[in-house]
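Encoded as structure tokens, the structure appears first; notes follow it.
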Amino acid sequence: MKTAKNYKFWFCTGSQDLYGDECLRKVAEHSRIIVEELNKSGVLPFELVWKPTLITNELIRKTFNEANADEECAGVITWMHTFSPAKSWILGLKEYRKPLCHLHTQFNKEIPYDTIDMDFMNENQSAHGGREYGHIVTRMGIERKVIVGHWADRNVQERIASWMRTAVGIVESSHIRVCRIADNMRNVAVTEGDKVEAQIKFGWEVDSYPVNEIADYVNDVSKGDVDTLVDEYYSKYDIILEGRDPEEFKRHVAVQAQIEIGFEKFLEEKGYQAIVTHFGDLGSLQQLPGLAIQRLMEKGYGFGAEGDWKTAAMVRLMKIMTAGMKDAKGTSMMEDYTYNLVPGKEGILQSHMLEVCPSIADGRIGIKVCPLSMGNREDPARLVFTSKAGPAIATSLIDLGDRFRLIINDVECKKVEKPMPKLPVGSAFWTPQPNLATGAEAWILAGGAHHTAFTYDLTAEQMGDWAAAMGIEAVYIDKDTNIRNFKNELRWNEAAFRK
Ligand code: MN
């Protein structure tokens, strides 16, 4: 499936005509060089497009409105080369609706001590102009990213690259459509939420269908198509029979192949990029979608179990934000399952009854067919694996009744000490920052769910910036978290985010 458009970002340089044509010529030349070099760096995931220097109210307003209208433009990066009186930005900023970044850089890296004079200072005064511009953006209450440093530094380029992915998440959020083929699991609270408010805040469209409408698509899949996909599974994954009859095993796998094809056709035809199922509402489906959902997640679809449309949309959002990333380690829905509380080895085993995305797998992936203790269908086929080590984030979007809160936890993924031969599901194991006790305590105080949208490939900063752009509360649980301050933060946020 298509994960994102061919987005571009505009690079707009601010100045004024006080310094003469020669100065403005150099301003334009410098910004062209910066754009060229940033594009050549290979660090940015999207192309930067140079725009003529902005020096008047009219041009600024016109440029921002063109950015609004250009479907390929995912955001504007602004840079004040000289002093650009900020009242001239008010109308443009007021009408601008896309992500905004303020790159606070200057063309030269070092002060030219031997030659510096007033002309040089007047021409190269980002330190001055960036503050004037920043003031008006703050006064107008506009959410933006400020990135400070020399444009040729790798670290600055990486921050721009990271922000570009956040910006695409902000722009693409309003294109997320979630297909629910079951309602919320009975009596479960945290997976519920206000879908109208979610559409207002995030732009998400969350629709429900009777399960048998999608099951009809599954039933209509041809045997030939199923056989081809089963062959693909058998060539790609290890077949772990564990004493089952090979033919019977294959028939169970074929059911999942049929579900994968039928579901994907349904979602494509109706324009959904995320799906929600529920083990208790399967209609005429023969098995709980397991392997099928795992494969769809790997293709870029969002997923949430037991009616959890918020997690489904968040997983889809993360899939978009990480699309095309070199050396991506993976993104999945996850569920906190069971603890290891041995001192020094504390962690949480993460899994789900079936639906963990194989993009996070480390090493070989196997297929197993095993009974499911919940639900009342035949034994479903599923992909089994363990996951990669390294830093990652787990996020939970909750509805507090009067507002949404995004909880973002830095976690350290680790290898489990021993194989788990009897565990018939994909899994990950992590220790939340700053440690299990404080991390889990903070998570619970914040009201975080048992389902998470998890990724190795985004940072807490990116998800927090996304939340800020959506106008919702975000709380971070990381190496700096202590409970006393965290409780105060939650208390203060009650006031700050009150409607
Ligand atoms: Mn669950």
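Please treat every number below as a calculation from the coordinates, not as lab data. Owing to the predicted nature of the structure, the values given are computational and were not obtained by experimental measurement. FYI the Cβ positions are ideal-geometry reconstructions off the backbone, even for glycines, and counts take in every protein chain you see.
Mind listing which chymotrypsin sites (Phe, Trp or Tyr not before Pro) in the range 251-325 are in a DSSP loop and have 12 or fewer other Cβ atoms within 10 Å?
Nothing satisfies the criteria.
How compact and how long is the chain, expressed as Rg and Dmax of its alpha-carbon atoms in Å?
Answer for the chain, Rg first and Dmax second: 25.3, 85 Å.
To the nearest 20 debye, what charge dipole does the chain have about its Cα centre, counting +1 at the Cβ of each Lys and Arg and -1 at the Cβ of each Asp and Glu?
580
Can you list the residues of the range 253-279 with backbone N under 17 Å from a point 7 Å past the Cα of residue 220, pointing along Cα to Cβ?
Of the residues in the range 253-279, 258-272 have backbone N under 17 Å from the label point off residue 220.
Which whole-number percent gives the relative contact order of the range 78-180, counting Cα pairs below 8 Å spaced six or more residues apart?
Averaging sequence separation for qualifying contacts and normalising by length gives 37 percent for the range 78-180.
Counting other beta carbons within 10 Å of each residue's own, what order do 44, 400 fall into, fewest first?
400, 44
Which far-off residues, 5 or more places away or on another chain, put their amide H under 5 Å from the one on residue 335, with H placed in the peptide plane?
HN-HN under 5 Å from residue 335: 351, 452.
When 480, 117 are ordered from fewest to most other Cβ atoms inside 10 Å of their Cβ, what list results?
117, 480
Which part of the range 142-167 falls in the paramagnetic zone of residue 111, meaning amide N under 12 Å from the point 7 Å along Cα-to-beta-carbon?
Answer for the range 142-167: none.
In nm, give the distance between the simple-model label positions of residue 36 and residue 194, each being 7 Å from the Cα along the Cα-to-Cβ direction.
5.3
What distance in nm separates the simple spin-label points at residue 43 and residue 97, each placed 7 Å from Cα in the Cβ direction?
Inter-label distance under the simple model: 3.3 nm.
Simple spin-label model, 7 Å along Cα-to-Cβ: residue 240 to residue 412 in nm?
A separation of 2.7 nm, rounded to one decimal place.
What percent do you get for the relative contact order of the chain when only Cα pairs under 8 Å and 6+ apart count?
It rounds to 13 percent for the chain.
Around residue 206, which amide H atoms from residues at least 5 apart in sequence, or from another chain, sit under 5 Å from its own amide H, with H modelled in the peptide plane?
Amide H to amide H, under 5 Å and 5 or more residues apart or across chains, residue 206 pairs with 178.
Expressed as a whole percent, how much of the Cα-Cα distance distribution for the range 206-293 exceeds 16 Å?
55
Can you give me the C-alpha center-to-center distance between the range 200-270 and the range 9-66, rounded to a whole angstrom?
One Cα centre to the other: 49 Å.
Need one word for the range 1-156: rounded, prolate or oblate. Basis is the Cα gyration tensor (sqrt eigenvalues a ≥ b ≥ c); a/c below 1.5 gives rounded, then a/b vs b/c decides.
Verdict is oblate for the range 1-156.
Cut-off under 25 Å on the C-alpha distance; same-chain residues fewer than 8 positions from residue 487 excluded. Which lysines are left, in chain and number order?
Within reach: 310, 479, 499.
Want the number for residue 478 to residue 140: 0.36 nm per residue separation, take away the alpha-carbon distance, what's left?
That works out to 118.6 nm of additional length.
Give the lysines whose C-alpha is closer than 17 Å to that of residue 98, dropping any in the same chain fewer than 8 places away, or say none.
Leaving aside lysines fewer than 8 places away in the same chain, those within reach of residue 98 are 5, 8, 51, 62, 145, 201.
Charges only on Cβ, +1 for Lys and Arg, -1 for Asp and Glu: so what's the dipole of the range 248-392 about the Cα centre, in debye to the nearest 20?
So the magnitude is around 400 debye.
What are the membrane-span-like helices in the chain by this rule: whole DSSP H runs, Cα extent along the axis at least 27 Å, mean Kyte-Doolittle hydropathy at least -0.5?
Passing helices, by number: 154-173.
Nearest 500 deg cm²/dmol is fine: what mean residue ellipticity at 222 nm does the chain get from its DSSP H runs of n ≥ 4 alone, each adding -39,500 (n - 2.57), divided by its residue count?
Taken over the chain, the calculation gives -12000 deg cm²/dmol.
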